[in-house]
Each structure stands twice: as C-alpha cells, then as structure tokens.
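In what follows, a single structure is set out as structure tokens and then discussed.
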Amino acid sequence: MSEHEHRSVVAIVPAAGSGQRFGSAGNKLFADLAGAPIWLRTIRRLREAPSMSSIVMPVAQSDQSYFSGFTQQLSELDVHLVNGGAERWQSVQSGLDWAINRRAEFVAVHDAARPLVTVEEIEATIDEARVADAAILSVPITGTVRRRTSQGSTLVDRRELFSAATPQVFSTALLHEAYLNHRGRLATDDGELVQRLGKQVATVVGQPTNLKITHPGDLVLAEAILASELNS
C-alpha cells in the first residue's frame, strides 16, 4: 500500500447551491464553461491530483434528475453523489459523513465553482495539511485596503492579508470534531470552525486565477484563463 493510499484524501465538493447571484433560475454550476458544465470541469481538475482518492459531491434532491444524465462521467471519475442541504455547512457535513464511513484520513473541501485550481495548488495544500492537520489555499490581497472608522478611514497593511480560497484540507477527525462543535453557529468557512477548537490553520499561497465563479462576468474571465492554459 502506497503512502497516498494509506493517508487517503477525499474531496468534498458541495454542489447544492443556487444561481441567485449568478442571475440564473437554476444551479449556476450547470452553466457551460468551454464545452463542459462548471462542476464537471472542477471535478476533472481535482481528479488530476495524484493524492485524491475519491470525490463526494453533495447535491440538491431537485437536481438529481440532471445528474442522472452524467452517470457515465461520474462513474469514470469515481464521483459519489450524496444529498446536500439548504446551507453549505449541511452539504459539507453530508460529504464528511461519507468520508468518515470510507475511513478517509483527510478531506479536501473545494468549491464546485472553482474549476481553475491547479494540481500544484491542490497538492501543496494537501502536503501542508499532512503536516499541520489543517491548511487553506489563500490568495494574497494586492489592492489597497482601508478600514472605515468613525473619523473616516485608515490604511491597512495588506502584506499579511489573504483572501481564503479552496481547497481547504483537514484531517478527517479534526473537521469532524469541528462540526460536532458547530451547533448551528455561523462561520465564513470550515477553517473558522476548526479555529474555534483552538487549532491553527496553515496558509498555502495560491494564484488569483483560482477564481470562484459567482457572477456572469466571472464566467467570461474563467473562459479566458482556461483558453490561456490550453494554449500554453
């Protein structure tokens, strides 16, 4: 048994969201990105990572009929569908339960709307999590940042500021403990839940090209980035 098999990594890809901010009546993940749905491009990218053993994708029950049309692709990519929830954390919990049942040692939570993450970024985040138990791919903030005050605003030193991205990789036991401690309290991401346990979360520096497709303009930019990758 190889080291990667012994320390298996399951990707949890929540895909039960809506297209509200995208301006779509249905799931934005169904939108076409250079000939394939956004979610499928994301899954294919994750599957390219050597450390990834399995992928679980929590989806809405209302979308089950849509995904039934991709049975062959899901089977070839070793993607397992489970029921997602109304909230993102509920979908992650569903995927986490699946990973626990498969005795995965690590889980990599990744936005289904981030199809441009690189294999190098995925592997670097997994490698860091194997050392620190918790690691988040993040992007340095390059613009000028100001904090509003009662007197106006003050400049914030951006050198230590990062925008959290995904994947976010954790030991399965640690994220399970964080979710047991969740109790419905809001959190911006899974890293925050882990930090509530008093655990430090390592930061892995990623590229701004790992964008999350949220608005229609993001899709145009993603198509340009993807075309650049294919032509390089």
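Please give the calculated 222 nm ellipticity per residue for the chain, where each DSSP H segment of at least 4 residues contributes -39500 (n - 2.57) and the sum is spread over every residue; nearest 500 deg cm²/dmol?
-10000 deg cm²/dmol
What distance in nm lies between label points placed 7 Å from Cα along the C-beta direction at Thr154 and Arg102?
My value for the distance between the label points is 4.8 nm.
Just subtract the alpha-carbon distance of Glu120 and Ser228 from 0.36 nm times their residue separation and send over the number in nm, one decimal. Please report the intermediate quantities before stating the final value.
Numbers: separation 108, 0.36 × 108 = 38.88 nm, distance 1.72 nm.
Gain on extension, Glu120 to Ser228, equals 37.2 nm.
Using Cα pairs closer than 8 Å and at least 6 residues apart in sequence, work out the relative contact order for the chain, in percent.
Details: 407 pairs, mean separation 52.1, N = 232.
Relative contact order for the chain comes out at 22 percent.
Does the stretch 163-221 come out rounded, prolate or oblate, given a ≥ b ≥ c as the square roots of the eigenvalues of its C-alpha gyration tensor, rounded meaning a/c under 1.5 and, failing that, prolate meaning a/b above b/c? Can you show the working numbers first?
On the way: a/c = 3.05, a/b = 1.91, b/c = 1.60.
Prolate shape, in that a/c is at least 1.5 and a/b is the bigger ratio.
Bin by bin, in steps of 5 Å, what percent of the Cα pairs in the stretch 43-99 do you find, going until the bin that has the longest distance?
Pair shares across the bins are 4, 18, 26, 24, 20, 6, 1.
Find, to one decimal place in angstroms, the Kirkwood hydrodynamic radius of the chain, where the mean of 1/r is taken over every pair of different Cα atoms and then inverted.
18.4 Å
Return the percentage of antiparallel bridges among DSSP beta bridges fully within the stretch 120-206, rounded to the nearest 5 %. Intermediate results must be reported in sequence, preceding the final value.
Values: 11 of 15 bridges.
About 75 percent, rounded to the nearest 5.
Among Ser53, Ser68, Ser232, Ser171, what's the order by accessible area (1.4 angstrom probe), most exposed first? Write down the numbers at each step before the final one.
Details: Ser53 45, Ser68 75, Ser232 125, Ser171 20 Å².
Largest accessible area first, the residues go Ser232, Ser68, Ser53, Ser171.
Find the relative contact order for the stretch 156-220 and round it to a whole percent, using C-alpha pairs within less than 8 Å whose residues are 6+ positions apart.
Values: 21 pairs, mean separation 14.4, N = 65.
Relative contact order here is 22 percent.
What fraction of the DSSP beta bridges in the chain is antiparallel, stated in percent and rounded to the nearest 5?
Working: 17 of 34 bridges.
So the antiparallel bridges in the chain amount to around 50 percent.
Could you work out Rg/(2.2 N^0.38 Å) for the stretch 108-232, with Rg from alpha carbons only? Numbers along the way, then the final one.
Details: Rg = 16.6 Å, N = 125, 2.2 N^0.38 = 13.8 Å.
So the Cα radius of gyration is 1.20 times the expected 2.2 N^0.38 Å.
Contour minus end-to-end for Arg185 and Glu48, with contour as 0.36 nm per residue of separation and end-to-end as the Cα-Cα distance? Intermediate values should be presented prior to the final figure.
Details: separation 137, 0.36 × 137 = 49.32 nm, distance 3.47 nm.
Once the chain is fully extended between Arg185 and Glu48, it gains 45.8 nm.
Which of Ala86, Ala99, Ala108 moves the most in a Gaussian network model of the chain with Cα springs under 10 Å?
Fluctuation is largest for Ala86.
The values are calculated or read from the model by the stated rules, or taken from the named source; none is laboratory data. Quick caveat: nothing in here was measured; it's all calculated off a predicted structure. Ideal geometry is used to build each Cβ from the backbone, glycine not excepted, and the neighbour counts take in all protein chains shown. Heavy atoms of the whole protein, side chains included, go into the accessibility calculation; ligands, DNA and RNA do not. Shrake-Rupley method; radii C 1.70, N 1.55, O 1.52, S 1.80 Å.
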